[in-house]
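The values are calculated or read from the model by the stated rules, or taken from the named source; none is laboratory data. All values derive from a computational prediction rather than experimental measurement. Virtual Cβ from ideal backbone geometry, glycine too; neighbours counted across all protein chains shown. These area figures cover heavy atoms from the full protein model, side chains too; ligands, DNA and RNA do not enter into them. Shrake-Rupley method; radii C 1.70, N 1.55, O 1.52, S 1.80 Å.
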Amino acid sequence: MPRPVIPERYDAETATAMAQLGDGLEGLPAYLGIRTTHMGPATMTAQLEVRADLLNPFGTLHGGVISALVDHVLGAVLYPVIEHGRWAATTEFKVNLLAAVREGSVEARSTIVSLTRRTAVVQVEVDNDGRPCGLAQGTVLI
């Protein structure tokens with residue numbers, strides 16, 4: 001993974017508030033049980049627990065669940081470093097699914113690798129209990 005971009009702006013209060021959201025999430029992140037475990041100036045880590053209702057008919061975690069987790073950390077990592085009142089919208093991302101996931105937890109670590117006033121490129125590593133299971137990169141419009 002490349003070195004994270006060192007942003008000119010970092011709002012520690014926003015990062016702390018995002019890290020403490022927990023039960024405050026709504027929609028798909030709440031349904032999936034995504035919880036933020038780390039926020040930093042150009043990084044974010046979030047996890048979810050593998051549950052039976054998230055598995056595909058073959059007994060493995062649905063790729064859409066990993067994609068949703070990737071999309072979540074792809075955009076959320078930006079909020080502590082962008083101006084208040086602006087928002088991040090994923091424009092595209094690619095995810096390589098590296099290994100089947102059957103149980104345990106899945107953790108996604110996002111890193112901002114390029115940041116301008118209007119766009120960001122973010123890379124995401126996804127692990128299943130320490131074993132690589134996904135790798136993604138995407139572009140976010142700010």
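Within the range 93-112, if we keep just the residues that are within 14 Å of the chain's Cα centre (by Cα) and over 15 Å from residue 45 (Cα atoms), the residue that is most open to solvent (accessible area, probe 1.4 Å) turns out to be 94. Of the candidates 116, 139, 90, the single residue that is touching a helix residue (DSSP H, G or I) at 6+ places or on another chain (Cβ under 8 Å) and surrounded by fewer than 18 Cβ atoms within 10 Å (Cβ to Cβ) is 90.
Is it the case that residue 52 is among the aliphatic types (A, V, I, L, M), exposed (fewer than 12 other Cβ atoms within 10 Å of the Cβ) and modelled with pLDDT of 95 or more?
Numbers: among the aliphatic types (A, V, I, L, M): yes; exposed (fewer than 12 other Cβ atoms within 10 Å of the Cβ): yes; modelled with pLDDT of 95 or more: yes.
Judged against the criteria, residue 52 is a match.
Within the range 89-116, residues that are over 13 Å from residue 68 (Cα atoms) have Cβ atoms under 7 Å from residues that are of a type in the set (Asp, Glu) in these pairs: 104/129; 105/49; 105/129; 109/125, counting only partners at least 6 apart in sequence or on another chain. For the range 24-39, filtered to residues that are open to solvent by 80 Å² or more (accessible area, probe 1.4 Å) and either over 24 Å from residue 55 (Cβ atoms) or not in a helix (DSSP H, G or I) (or both), the residue that is modelled with the lowest pLDDT is 26.
Candidates 122, 73: the one that is assigned to a strand (DSSP E or B) and open to solvent by less than 10 Å² (accessible area, probe 1.4 Å) is 122.
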